[in-house]
Amino acid sequence: MKAKTLTLGLICLLMLGCALSFEKKRQINISWKELFPDRLERVCVLMKDTTVFRFTSHYENMVHLNAGSMEEELKKYDYKIGDIEVVIHNHFTQCRFSDSDETRYRRFKKRGFNGLFMLYCHITNKTYILENKKAVIQMP
């Protein structure tokens with residue numbers, strides 16, 4: 001069991017390795033199931049310094065969050081959109097990005113976002129990156 005956990009942790013680090021410095025890679029060890037523990041759709045934002053913010057509208061199939069309101073929320077903590085390393089949200093019934101996800105992604109990019117925009121699908125237990133829309137990690 002420990003070997004499995006270590007292996008999965010290393011896979012997560014490798015996935016984020018393209019965007020993180022070596023020092024930061026050692027600090028990130030978050031499982032997708034920890035970020036999405038219940039039946040609510042959430043948006044989780046992982047900052048470059050490993051801080052995690054979670055947003056939800058308390059619905060199972062949507063999150064009302066736009067780039068402007070996220071930018072305002074991040075400002076309260078002295079962050080900006082460009083400080084985001086990963087934006088990941090979850091879907092329970094579809095393992096694909098919706099049209100509104102793609103619109104949200106473009107709006108984040110216009111505000112300086114350069115990180116990974118991801119989706120975690122509960123059905124397949126996989127994560128997907130919007131740029132290539134392929135599964136990148138399967139969790140147990």
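Just so it is clear, none of the values below were taken in a lab; they were calculated from the coordinates. Keep in mind it's a predicted model, so treat the numbers as computed, not measured. Counting neighbours? That spans all protein chains shown, and the Cβs are built from the backbone with ideal geometry, glycine included.
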Classify the range 23-124: rounded, prolate or oblate, from the alpha-carbon gyration tensor (a ≥ b ≥ c, eigenvalue square roots; a/c under 1.5 rounded; otherwise prolate if a/b is larger than b/c)?
oblate
If every Lys and Arg gets +1 and every Asp and Glu gets -1 at its Cβ, then about the Cα centre the range 77-132 yields a dipole, in debye to the nearest 20, of 180 debye
Note: residue 125 to residue 60 extended length (0.36 nm per residue) minus current alpha-carbon separation gives 21.7 nm
